[in-house]
Amino acid sequence: MRVAAFLLTLFSLPALSDTHFHSLISDGAVLQRDGSVPVIVFSDEAGSLSLALDGHPIGNATIKDGRWSLSLPEQPAGGPHTLSVSGDNVALQVKDIYFGDVYLVSGQSNMELTMERVEEAYPQDVALADYPLIREFTVPDTFNFSRTLAEPEPADWKTAQSQDIESLSAVAFYFARHLYRYKGVPIGIINASLGGSPIEAWMDPALLADYPQQLKEAAPFREEAYIEATKKHDQDAATTWYSALAKKDTGLQTPAWYSDDITTADWQTFTVPGTPPFAKEGYTGSWWAKKTVNLPFDPQSPVILRLGRIRDADEVWVNGVLVGNTTYHYPPRRYEVPPQVIRKGNNVITVRITGNSGNTEFFPDKAYFIGTNNRRVSLAGDWQAKPAASMPHIAPVQTFIRWKPTGLYNAMIAPLTRFPLSGVIWYQGESNADTPDHYADMLTSMMDHWRAQWQQPALPFFIVQLANYMTPQVSPQESQWAELRAQQALAAQHDNAWLVTTIDAGEYNDIHPVDKQVVGERLALQARAAVYQDEVNESGPDVTNIELQGKNVVITLNDRQGLRQVNTPQSGFTLAGKDGQFFWAEVTRDGNQFILSHPEVSTPVTVRYAWADNPVYSITDADGWPLAPFEYDLNNNSQEAPSQ
């Protein structure tokens with residue numbers, strides 16, 4: 001009878017209510033100050049709910065179509081506050097809420113890049129981070145091609161303190177830290193970014209009407225069955241390729257080449273950083289590298305093994321013990337070696353490298369060492385290498401469904417648009433550099449659409465221009481990265497948009513440069529000028545006039561902060577005549593004017609500055625802001641002189 005009564009009671013209980021706050025409204029949230037802010041609840045209940053702030057009633061409203069919303073009256077900066085929602089069968093509460101200034105940061109990997117990735121460059125900023133009122137909500141990576149989502153996937157608000165700092169966007173942290181130091185109000189960051197994503201992934205389908213190819217590309221992914229079939233096809237193809245590679249790899253057979261007692265008498269010597277002789281002309285497959293290194297101290301705690309960057313994937317053993325692996329070539333190789341694995345004296349480091357893209361290498365000008373912050377042994381120099389398995393073709397190319405047009409807008413941007421912002425930071429473009437045409441049109445239409453969805457027609461946008469990247473060019477050449485930068489500059493001429501130049505903050509051998517501090521602080525200076533009307537130097541020198549005087553081109557710059565020239569073999573200026581052949585210009589300076597000429601260009605038609613993937617630049621202001629790249633057609637008299 002007791003069992004029967006228990007079961008009767010159990011099955012008589014009402015189903016648990018699925019009632020919850022919008023995922024942005026969670027413990028530790030920062031909400032925009034000095035304006036109306038919605039409090040949104042999703043519920044399968046019926047009836048009315050009441051809202052209270054710190055126990056003080058705000059009002060009540062009825063749940064409609066599974067959603068409840070009530071706006072908070074504007075609040076000044078500060079906190080902590082508690083939000084409560086109550087009703088029949090409903091009692092919700094979120095704590096530690098602050099009101100401050102909220103910024104959306106979006107784009108691809110350079111926006112996404114975390115403080116953990118730049119920790120070696122800024123160790124004290126990570127170790128001593130203590131900014132409890134700088135908080136970031138990282139929107140989980142997801143996509144949807146069939147509809148806009150009502151809320152993002154759940155996530156926690158993280159503070160810029162030691163326990164969370166490594167997970168924060170580096171650009172966003174340095175931006176927020178500067179603002180917090182100068183403005184003294186809580187700063188909330190909503191980070192909706194995804195590595196590798198093109199701009200069309202962040203656009204509403206309606207904006208792509210003029211780009212039918214993008215709409216066509218996205219269309220099949222509206223069907224879940226097609227998505228699952230694509231994932232399965234990609235997974236099966238990858239499994240087949242990597243399984244075949246593993247079976248062919250003689251280094252994985254017994255005795256395995258990561259063993260300490262493997263002889264390297266028949267291995268080839270090569271230099272790290274670099275490429276072994278058998279891979280100089282390209283290599284697809286797996287190969288192994290070994291080095292014996294003498295550690296002059298007895299480690300009492302883990303040591304760090306730094307292997308720069310490797311193309312493409314790697315697995316690493318120390319004294320026969322696996323200490324780490326990386327599956328693609330972009331991340332820096334930083335592995336922690338336990339003290340019980342490594343010893344004073346000789347240690348054997350073994351690396352299995354998978355070249356899956358047709359080329360393979362240890363990248364130059366990166367860190368290669370083993371040791372601690374204070375005691376390091378260089379790993380650059382001679383290593384031994386041996387090929388283990390050659391594959392007839394590169395690994396199957398993955399589809400990267402999440403990069404397809406419209407998917408990220410629907411799932412990661414649209415769910416945020418009810419919550420007011422102080423501004424938007426956009427750091428994206430690398431994935432569109434191969435097709436730069438129309439980028440400015442796409443970006444300006446995206447900005448206008450986002451503003452309309454947020455119902456903030458003057459919402460500020462701060463655009464980060466692509467940094468310098470790839471091998472510097474000896475002679476003037478065409479550049480798609482320069483074309484993309486020009487498109488970004490054109491978009492920044494749109495209302496309430498600003499451009500941050502970063503051609504001095506990149507690295508030739510890394511698409512993810514670590515100098516995120518200068519990027520974040522320049523963005524913050526622009527926000528201080530645009531959002532807070534602070535009188536600060538928020539940009540570099542501006543071009544105020546360009547004119548043709550005989551065979552010379554005269555460029556006039558403003559000098560509000562003073563102009564500085566960097567001594568370089570070239571000035572960064574190039575000239576071309578009607579044949580379109582560019583030459584490095586001979587430059588004479590007269591105050592804030594620069595007179596350009598070249599004996600091979602009798603009638604200049606086009607002038608360019610800093611026009612390359614990794615451009616020469618020679619002009620900054622007194623604060624170090626560089627003159628932005630530009631191209632100017634001297635025959636088009638109606639064109640305005642470019643300005644930053």
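Please treat every number below as a calculation from the coordinates, not as lab data. Computed from a predicted model, the values in this text were never measured in an experiment. Cβ placement follows ideal geometry from the backbone for every residue including glycine, while neighbour counts extend to all protein chains displayed.
Structure above, values below:
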quantity	calculated
Among 230-239, 600-609, the order from most to least packed when residues are scored by Cβ within 10 Å on average	600-609, 230-239
The chain - mean residue ellipticity at 222 nm from DSSP helices (-39,500 (n - 2.57) per run, n ≥ 4, rounded to 500)	-5500 deg cm²/dmol
Charge tally in the Cβ shell below 11 Å around residue 135, where Lys, Arg are +1 and Asp, Glu are -1, residue 135 excluded	-4
Geometric extent, Cα atoms of the range 171-242 - Rg, Dmax (angstrom)	19.7, 56
Eligible lysines near residue 290 by straight Cα distance, threshold 28 Å, same-chain separation 8 or greater	247, 248, 280, 344, 366, 386
Relative contact order (%) - the chain, alpha-carbon pairs under 8 angstrom, separation at least six	13
Percent breakdown of C-alpha pair distances by 10 Å bin, ordered from the shortest bin, for the range 543-633	17, 54, 26, 3
Length added when fully stretched, residue 375-residue 533, from 0.36 nm per residue minus Cα-Cα	52.1 nm
Cα principal axis extents for the chain, largest first, Å	92, 74, 50
Cβ-based exposure ranking for 578, 290, in which fewest neighbours within 10 Å come first	578, 290
Cα-projected label distance for residue 52 with residue 471, points at 7 Å along beta-carbon direction, nm	6.9
Fewest-first ranking of 400, 175, 369, using other Cβ atoms within 10 Å as the exposure measure	400, 369, 175
Under 27 Å from the Cα of residue 95 - lysines, other chains or at least 8 residues apart	64, 158, 183
Calculated FRET value between residue 633 and residue 559, using beta carbons and R₀ = 30 Å, to 0.05	0.75
Other-chain or far-sequence residues with amide H under 5 Å of residue 360's (modelled H)	283
Amide proton proximity set for residue 203, modelled H, under 5 Å, gap of 5+	406, 409
Residue 493-residue 254 FRET efficiency (beta carbon distance; Förster radius 60 Å; 0.05 resolution)	0.40
Estimated inter-spin distance, residue 67 and residue 269, nm [label 7 Å along Cα→Cβ]	7.0
Rh (Kirkwood; distinct C-alpha pairs) - the range 414-569, Å	17.5
Sorted by Cβ neighbour density within 10 Å, fewest at the top, the residues 430, 483	483, 430
Added length on full extension, which subtracts the Cα-Cα distance from 0.36 nm per residue, residue 124 to residue 592	164.5 nm
Förster radius 35 Å - calculated FRET efficiency between residue 91 and residue 116 (Cβ-Cβ, nearest 0.05)	0.40
Full-extension gain in nm, residue 244 to residue 393, via 0.36 nm per residue minus C-alpha separation	52.5 nm
Given charges at Cβ of Lys, Arg, Asp, Glu: the chain dipole, positive-most of 445, 146, 21	21
For the range 248-390, Kirkwood radius (reciprocal of mean inverse C-alpha pair distance, Å)	15.1
About the Cα centre, charge dipole magnitude for the chain (Lys/Arg +1, Asp/Glu -1 at Cβ), debye	1440
Residues of the range 473-492 with amide N under 16 Å of the 7 Å Cα→Cβ point at residue 508	473-477
Surrounding net charge for residue 333, when Lys and Arg each add one and Asp and Glu each subtract one, Cβ distance under 10 Å	+3
Cut-off 10 Å between beta-carbons: net charge of the residues surrounding residue 198, Lys and Arg +1, Asp and Glu -1	-2
